[in-house]
1. With respect to ALA86, is the statement that it is hydrophobic (A, V, I, L, M, F, W, C) and either within 21 Å of ARG160 (Cβ to Cβ) or in contact with a helix residue (DSSP H, G or I) (Cβ under 7 Å, 6 or more places away or on another chain) (or both) true?
2. Among the residues of region 74-88, which ones are more than 15 Å from SER117 (Cβ to Cβ) and hydrophobic (A, V, I, L, M, F, W, C)?
3. I'm trying to understand the selection: among the residues of region 144-158, which are in contact with a His (Cβ under 8 Å, 6 or more places away or on another chain) and small (Gly, Ala, Ser)?
4. For the subset of region 62-73 comprising residues that are surrounded by fewer than 20 Cβ atoms within 10 Å (Cβ to Cβ) and modelled with pLDDT under 95, which member is nearest to HIS127 (Cα to Cα)?
5. Looking only at region 217-259, which residues are modelled with pLDDT of 95 or more, basic (Lys, Arg) and either closer than 14 Å to VAL184 by Cα or in a loop (DSSP other than H, G, I, E, B) (or both)?
6. Go through the residues of region 174-189 one by one and say whether even a single one is out of contact with any helix residue (DSSP H, G or I) (no Cβ under 7 Å at 6 or more places or on another chain) and free of Cβ contacts under 8 Å to residues at least 60 places away in the same chain.
7. So, in region 74-89, exactly how many residues are surrounded by fewer than 24 Cβ atoms within 10 Å (Cβ to Cβ) and either of a type in the set (D, E, K, R) or farther than 19 Å from ALA249 by Cβ (or both)?
8. Taking the condition at pLDDT below 95 and buried (at least 22 other Cβ atoms within 10 Å of the Cβ), does LEU92 pass?
Amino acid sequence: MDRVELEPARPSGVAAASAYAACIITATPPTSRDVTFPSRGSTFRAYLAMPEGAGPHPGVVVIHEVHGLNDNIRDITRRFAGEGYAALAVDLFTGHSRAVCMAGLMGSMLTGRDPSSIADLSAAMDHLVAQPGIDPDRVGTIGFCMGGGYAIAWGRRDKRLRAIAPFYGTNPRPIEAVRRMCPVVGSYPGKDFTARSGRKLDRRLAQLGVARDIKVYAGTRHSFFNDTGRSYDAVAAADAWQRTLAFFAEHVQSPRPSP
């Protein structure tokens, strides 16, 4: 059944700020550093944030939107580390122009081919799980806008992924290409063209029996999760973050079921 579009109840400014702050404060700060990894004959830049303790930790690959690997994406990466995940954000624009990467994504989505960056994401995952204290059997990915589209395309190909979290991402064409998709927790803005993609993905995954939690936030706009942008919506962002964490706790953090 399609998920009903919801307008979240909006508490007072102080209450909303307190609720949002509560979901990002952690007891021990994660450690983070810039790293590089090889892919397709090039060296890609990335940002690694590690949680406290020896592990083994679950992992998450963070895929940026069109703005690239910026401070907002680094912050999201550290937030995952604060929740116990080893998180790696890859700079897909390393050695490439933003326009070329976007053109490649749009072309692949229209033709049904995998974007070439999927190989780079797989290489990023290789680098992540090679770090000490990482459980290679418990890894997911989250992506925003362009990165959301990459997450969907990658999630239907790489069986190592336990779950994906696309935020305002577009679907591959034809939609039947998602037939091998892993579990999905998706978040979409009601006032954005990607809301249609979210509803369509929800219907198709329901037909396939794929575990999912896809929600369209009425009244929100593209990039509502980015707290550095003009479209930021604190209430919707906090709800989407908690949904993502709950879904990942079930599908990524938990041990893989025995065959």
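1. Yes: the conditions hold for ALA86.
2. Correct list: ILE76, PHE80, ALA81, ALA86, ALA87.
3. GLY147, the sole residue that qualifies.
4. GLY68
5. Of everything in region 217-259, those that are modelled with pLDDT of 95 or more, basic (Lys, Arg) and either closer than 14 Å to VAL184 by Cα or in a loop (DSSP other than H, G, I, E, B) (or both) turn out to be ARG230, ARG243.
6. Yes, region 174-189 contains a residue that is out of contact with any helix residue (DSSP H, G or I) (no Cβ under 7 Å at 6 or more places or on another chain) and free of Cβ contacts under 8 Å to residues at least 60 places away in the same chain.
7. 5
8. When the stated conditions are applied, LEU92 passes them.
The values are calculated or read from the model by the stated rules, or taken from the named source; none is laboratory data. Being a predicted model, the structure only gives us computed values, none of them experimental. Backbone-built Cβ (ideal geometry, glycine too); neighbour counts: all protein chains shown.
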